Structures are given as C-alpha cells and as structure tokens.
Amino acid sequence: MTLVMIISFCILMVLAVPVGYGLIIAAGLGVLFNGYVPLSVVAQQVYDQTQSFPMLALPFFMLAGTLMLGGELGRQLLELASRAMQRWRGGPLSTTVVSSVVFGGVSGSAVANASALGSVLIPWQKKHGFPPALCAANNATSAVIDVLIPPSIPMILYALISGVSVGDLFISGIVPGLIMAASFVFVCWYVSVRRGYAIEAVKVRKRELARLAVQSFPAILLPILIIVFLRSGLATPTEVSVLSVVYSLLLSILFYRDLTWKRFCENMVEAGVVMLVIMGSAAVGWVLTFDQAPQHMAEWVSTHISSPIVIILMMNLIMLVVGMPLDMPPAILLLGPIFVPLADSIGLDRVQLGLMMVINLGIGLYTPPIGTTLFISSSIAKAPLGTTTNELWPFFGMAMLLLLAVSFVPALTIY
C-alpha cells in the first residue's frame with residue numbers, strides 16, 4: 001500500500017498536480033490497492049486535521065506574517081535593512097540576508113520570503129550593477145534563513161509530529177539561523193571584493209536609522225513575544241498564533257492604518273492554502289502508520305547499519321534528496337514519522353533531528369533541478385537557471401558546513 005502511494009505521488013508531482021491534491025489522491029490510491037480498508041478512511045483523516053487545535057497554529061502564524069509584511073511595516077523593515085547595509089562592500093546583496101533574518105521572525109515561510117524580498121530587492125540590486133544571476137542565487141539561499149528564525153512554520157509541524165516543545169525548537173533555531181546569516185554576509189562580501197564591485201558612497205544618517213528602527217520595532221518585537229509566551233508557559237502555540245494575528249491586526253489598523261478589506265481577504269486565502277497540504281499529509285501519514293513503514297525502516301537500519309555516524313549521514317542524504325522536489329510542510333509530515341523512531345534508536349536528540357530536518361529541506365528549496373526558491377528568484381531576476389546555479393555554490397557550501405555542524409555538534413541546538 002505504501003509503495004503504491006509513493007509511486008502515485010511521484011507521478012502526480014511530475015504531472016504538476018498541486019501538492020495538497022497529490023497527497024490526497026496518492027493516499028486514496030494506496031487505500032484502494034489494499035482492498036480491505038474503506039476509502040472513507042482518507043476522507044476521515046483529511047477532515048480530522050481541520051478539527052485539530054494544535055494544527056490551527058499554522059494558518060494563524062501565516063496570517064499574522066502576511067498581515068504584517070504586506071503593507072507599510074514590510075516597507076519599513078526593508079528600508080531599515082537597506083540603509084544599514086548599503087555602505088558596506090557587497091551591502092546591497094547583504095541587505096537580502098539581513099532582511100531575511102528580520103522577516104523570518106514575522107513570516108516563518110521561506111517561499112513567501114523569497115517572493116516578497118526578491119520582488120523588491122533584486123531589481124534594486126541590479127540597478128547597483130550586480131549580475132542578475134548572483135542576485136537570484138543570493139535571494140534563493142537567504143530565504144531559507146526564514147525557517148530557522150521563530151516563528152517557523154516547519155518547526156511547528158515537526159513539533160506536532162515529534163512531541164518536542166515548540167519553544168525548545170524556536171530557541172534552538174536562533175543560533176544556527178544567525179550563523180547561516182553571518183556566513184552568507186561573508187559570501188556577499190567575498191564575492192564583491194573578488195570581483196571588484198564598488199562601494200556606493202552613501203551617507204547614512206544615524207537619526208534616519210533610529211527613526212526607521214523605531215517604526216520597525218513592532219515587527220521585531222513579535223518573535224521575542226512569541227518566545228517569551230511559549231517558554232514561560234503563558235500560552236500554547238495555538239493561543240500564541242491567535243494573539244499574533246490580533247497583534248498584527250491592531251498594528252495594521254491603528255498604528256500603520258494601511259489594512260484594506262481586499263488585502264485582508266487575500267491574506268486569509270494565502271494563510272489557508274497551507275491547511276490543504278496538512279490535510280493531505282494526514283492521509284498519507286495514516287497509510288504509513290497502517291503499513292508500519294516507520295517501524296520497518298528503523299528495524300532495517302538498526303539491523304544493517306551499526307554506526308550512528310553513518311545513519312546520521314544517510315538521514316541527511318535522504319532528507320536532502322526529498323527536499324528537492326517536495327515543499328517543506330509535506331516533506332516534514334512524511335519524513336518525521338519515519339526518522340523520529342530511527343533517531344530514538346541511535347540516541348539522537350529529537351530537537352537536534354528537527355534542526356537537521358529543517359536545514360536539509362531548506363537547502364532542498366534551492367537545490368536544482370526543482371528548487372522552489374531557486375525558480376522564484378531566477379524568474380524575478382530574469383536570469384537563466386543554469387547561470388543562477390553557478391552563482392549558488394558558495395552559499396550552498398556554507399549551508400552544508402552548517403548542516404554538518406548541527407548534525408554532529410549537539411551544543412549548537414540543545415540548550
């Protein structure tokens with residue numbers, strides 16, 4: 001049943017069927033192949049996810065992010081980052097990296113980050129003389145920092161599957177996220193120095209930076225409030241997500257006064273799309289559980305491979321390959337039930353596994369041939385995909401070094 005489901009899903013992906021529908025159809029075909037399980041099980045699993053209180057945190061966090069970034073606040077954040085970085089060598093490129101760190105605490109979605117930042121910053125960087133392909137590569141890779149900075153949608157999904165505290169995951173992602181950002185800023189600087197890109201003589205007024213910082217502070221404050229509420233136990237993740245939406249609405253209506261009914265409706269639709277993928281993944285997860293695929297996988301690995309180091313490397317390789325064609329939410333919902341028992345069998349901490357999974361699948365978002373953020377960024381920059389891929393390697397190398405460090409240095413992720 002599992003094999004039929006996997007093959008069906010791969011075929012549907014090749015046929016460009018939307019992921020949410022593909023998951024539901026593949027699960028249904030797997031159940032039909034079994035012959036003994038009623039097809040209504042798929043509908044029941046899909047419906048049950050809409051009644052899950054913890055799952056509601058996902059669309060609410062997405063809604064909070066889109067509300068805050070779609071208006072004046074998003075513009076203020078971008079202006080603050082660009083003014084602060086513009087005078088440094090490679091500054092316009094580094095603006096994308098810094099903006100991803102700031103936006104990561106608001107949107108929690110790498111794909112949304114790549115679209116929002118790329119549409120504004122890539123044309124601006126091209127005007128400063130940077131090659132379109134380099135701008136696209138920088139945007140595609142920097143967007144992944146978003147999934148490490150709280151609130152992270154992939155981390156919430158992993159927490160629901162693994163039973164790990166969302167607050168612990170959020171805290172564990174901050175240091176790796178900042179390390180990734182610093183390494184990407186270094187790449188921007190190094191490439192600019194090596195190729196002789198000029199520094200723009202721009203005088204940055206401290207008073208202007210202070211004004212922008214004050215106006216952007218409400219957005220920067222949100223991830224801090226989220227972590228405080230979760231770590232102190234004052235609210236559950238779902239309650240925090242609802243409070244984040246209320247906070248975003250109050251800012252947009254009372255402080256920035258830029259929220260229109262049309263934009264609110266568009267943001268609601270964007271936030272709801274993620275639920276379809278989760279509903280489909282629930283049906284697929286039920287099929288995997290029914291066939292006991294996670295247990296069989298863990299038993300086979302523990303029987304044939306004795307070295308924990310080899311097992312961790314194998315898990316990284318599988319996650320990296322799966323992350324190329326599949327978006328992060330369905331990939332986490334599919335791989336989580338398989339890898340959590342495997343991690344337990346070799347003594348790998350579940351928080352550390354969560355960071356490994358998020359970084360791996362994030363790298364897959366810009367890894368050819370099917371990287372989502374890679375396609376988005378190349379399209380915005382109007383750069384050939386092959387040329388963008390060539391510019392990708394320094395960023396890719398830094399991300400892989402961080403992945404190895406997270407995989408084998410628990411101190412980076414466990415506090």
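Put simply, of A219, A210 the only residue that is in a helix (DSSP H, G or I), within 30 Å of F396 (Cα to Cα) and of a type in the set (G, A, S) is A219. Under the condition of being farther than 16 Å from T66 by Cβ and either aromatic (F, W, Y) or not in a helix (DSSP H, G or I) (or both), which residue from segment 222-250 is modelled with the lowest pLDDT? Among them, the one singled out is G233. Taking each residue of segment 172-187 that is without any contact (Cβ under 8 Å) to a residue 60 or more places away in the chain and looking for partners that are assigned to a helix (DSSP H, G or I) and open to solvent by less than 10 Å² (accessible area, probe 1.4 Å) with beta-carbon atoms closer than 9 Å, six or more apart or interchain, yields A182/V97.
Give segment 27-54 a look and list any residue that's farther than 12 Å from W286 by Cα and among the small types (G, A, S), or say none. G35, S40, S52, listed by residue number.
Looking at segment 376-415 only, could you name the residues that are among the small types (G, A, S) and under 27 Å from Q125 (Cβ atoms)? If the condition is that a residue be among the small types (G, A, S) and under 27 Å from Q125 (Cβ atoms), then S377, S378, S379, A381, A383, G386, G397, A399 are the ones that fit. So which residues in segment 247-268 are farther than 21 Å from V101 by Cβ and either in contact with a Pro (Cβ under 6 Å, 6 or more places away or on another chain) or open to solvent by less than 70 Å² (accessible area, probe 1.4 Å) (or both), if there are any at all? Listed by number, the residues that qualify are L249, S252, Y256, D258, L259, R263, F264, C265, N267.
Given the criteria within 18 Å of the chain's Cα centre (by Cα), β-branched (V, I, T) and assigned to a helix (DSSP H, G or I), does I171 qualify?
It is true that I171 is within 18 Å of the chain's Cα centre (by Cα), β-branched (V, I, T) and assigned to a helix (DSSP H, G or I).
Considering segment 329-388 alone, what residues qualify as being of a type in the set (V, I, T), in contact (Cβ under 8 Å) with a residue 60 or more places away in the chain and closer than 19 Å to L404 by Cβ? Can you show your working first?
Kept after step one, since they are of a type in the set (V, I, T), are these residues of segment 329-388: 332, 338, 340, 346, 351, 358-359, 363, 367, 370, 372-373, 376, 380, 387-388.
After this cut, where a residue has to be in contact (Cβ under 8 Å) with a residue 60 or more places away in the chain as well, the list is 332, 340, 351, 358-359, 363, 372-373, 376, 380, 387-388.
The answer is V351, V358, I359, I363.
Scanning segment 335-393 for residues that are of a type in the set (K, R) and closer than 18 Å to V310 by Cα returns a single hit, R350. Taking the conditions (1) at pLDDT 70 or above; (2) not in a helix (DSSP H, G or I) in turn, L288 satisfies each one other than (2). Among the residues of segment 162-180, those that are surrounded by fewer than 19 Cβ atoms within 10 Å (Cβ to Cβ) and more than 16 Å from V144 (Cβ to Cβ) comprise G163, S165, I171.
The values are calculated or read from the model by the stated rules, or taken from the named source; none is laboratory data. Small disclaimer: the values here were computed from a predicted structure and weren't measured. As a convention, Cβ positions derive from the backbone with ideal geometry for all residues, glycine included, and neighbour counts pool all protein chains shown. Accessible surface is based on the protein model in full, side chains and every heavy atom, while ligands, DNA and RNA are left aside. Shrake-Rupley method; radii C 1.70, N 1.55, O 1.52, S 1.80 Å.
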